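Coordinate-derived values only; no laboratory data. It should be emphasised that the depicted structure is a prediction, and the values quoted were computed from it without experimental measurement. Here the Cβ positions follow ideal geometry from the backbone for every residue, glycine too, while neighbour counts run over all protein chains shown.
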Amino acid sequence: MLHIRGERRGSEEETRGGFIRRETSYGSFERSLPLPRNAKTDDLKATYQDGILEIVVPKGAKQSAQRVPVEVTSGKKK
């Protein structure tokens, strides 16, 4: 599972005519994303640039399907 936690902060100010308009926004956020079973978690890379978070999760070796023997019994009572 990949957990991302962060906080947004921003403010904007505009002066026009005889008034000033100022907006401020803030807040925290949290996301959890399931990773594939074959993800190479030791090689995760993350970059943050221009307000964009990019996370690279390399794939590991493809896991082949496994055969599991299952005993089947009839539903008849003896």
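A few points about this structure:
- Residues located in region 38-58, provided they are farther than 14 Å from Arg8 by Cα and charged (D, E, K, R): Lys40, Asp42, Asp43, Lys45, Glu54
- Selection of region 44-60 for residues being surrounded by 10 or more Cβ atoms within 10 Å (Cβ to Cβ) and among the aliphatic types (A, V, I, L, M) yields Leu44, Ala46, Leu53, Ile55, Val57.
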